[in-house]
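Participant: Dropping the structure in here first, questions after.
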Amino acid sequence: MVKYVFDTEMPAAIKAAKDANPQAIGEAIAKVKSATTNPKDLAAHVLEAAKNRRNPLHKHFEWDDAVAGHKYRLEQARSIIRLIRVEPTNENDRPTRAFISVKDSKGVAYRDLGEIKRSADLQISLLKQARADLESFRERYAMFRDLFPEVDTALSRIDARIDADQRAAA
């Protein structure tokens, strides 16, 4: 029997996270997957199965259309924000994101490049996010670690930079 567990950050990302049972959820998804002929349709089939109130997935979905619609539109707004780029002043450069989501002591917020360049704290926060992204990459491709030795080097360099920047900011 397969043992299902959550990714370390996943429970907070789903509705009714405190009541979430990864084994029950994993088994429910596996059951739907085994009945699905097209893997591209899995999400739609999971949603359909979750409509049944007795399905262990049901409580993890937002069924109030007004709330779900608002949350979906917020995600659309985030997608639009992520699409916007700033035209470079140098023709050899590429457009850069106009707004960057940065987590700091006050939470997560979109910041523009100027704000980040003016704030040592935001730069440190962004470095920490980059480090977490790189760590996630390393975990995702752990079976190919010998192909990516530069990732470990980059992580070490980022750690050193974060330490130096935090000492300088203190």
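Read the figures in this text as sums done on the coordinates, not as results from a lab. Remember, it's a predicted structure, so these values are computed and weren't measured experimentally. In this analysis, Cβ positions are derived from the backbone assuming ideal geometry, glycine residues included, and neighbour counts consider all displayed protein chains.
Participant: Name the trypsin sites (Lys or Arg not before Pro) in segment 12-41 that are in a loop by DSSP and that have at most 15 other C-beta atoms within 10 Å, would you?
Facilitator: Lys15
Participant: Would you mind checking Lys31/Lys51; Lys3/Lys59; Lys15/Lys71; Lys3/Lys33; Lys18/Lys51 for any pair whose Cα atoms are more than 18 angstrom apart?
Facilitator: In this structure, Lys3/Lys59; Lys18/Lys51 exceed 18 Å between Cα atoms.
Participant: Using a Förster radius of 35 Å, what is the FRET efficiency between Lys71 and Leu155 based on their Cβ-Cβ separation? Nearest 0.05, please.
Facilitator: Efficiency, from the Cβ-Cβ distance: 0.55.
Participant: Is segment 53-161 rounded, prolate or oblate when judged by the Cα gyration tensor, a ≥ b ≥ c being the square roots of its eigenvalues, rounded requiring a/c under 1.5 and prolate requiring a/b larger than b/c?
Facilitator: oblate
Participant: Could I ask something else about it? Rounded to the nearest 0.05, what FRET efficiency is calculated for Arg53 and Ala30 with R0 set to 30 Å and r the Cβ-Cβ distance?
Facilitator: Approximately 0.90, to the nearest 0.05.
Participant: Local charge sum around Ala49 (other residues, Cβ-Cβ under 11 Å, Lys/Arg +1, Asp/Glu -1)?
Facilitator: Computed value for this residue: +3.
Participant: Further question: Is it possible to state the helix-based mean residue ellipticity at 222 nm for the chain, with each DSSP H run of 4+ residues giving -39500 (n - 2.57), the sum divided by total residues, to the nearest 500 deg cm²/dmol? What is it?
Facilitator: -17000 deg cm²/dmol, from helical runs alone.
Participant: Under a plain spin-label model, where a point goes 7 Å from the Cα along Cα-to-Cβ, how far apart in nm are Arg118 and Arg140?
Facilitator: 3.4 nm
Participant: Once you have a ≥ b ≥ c as the square roots of the Cα gyration tensor eigenvalues for segment 44-113, tell me rounded if a/c is under 1.5, and otherwise prolate or oblate according to whether a/b is larger than b/c.
Facilitator: Note, shape of segment 44-113 comes out prolate.
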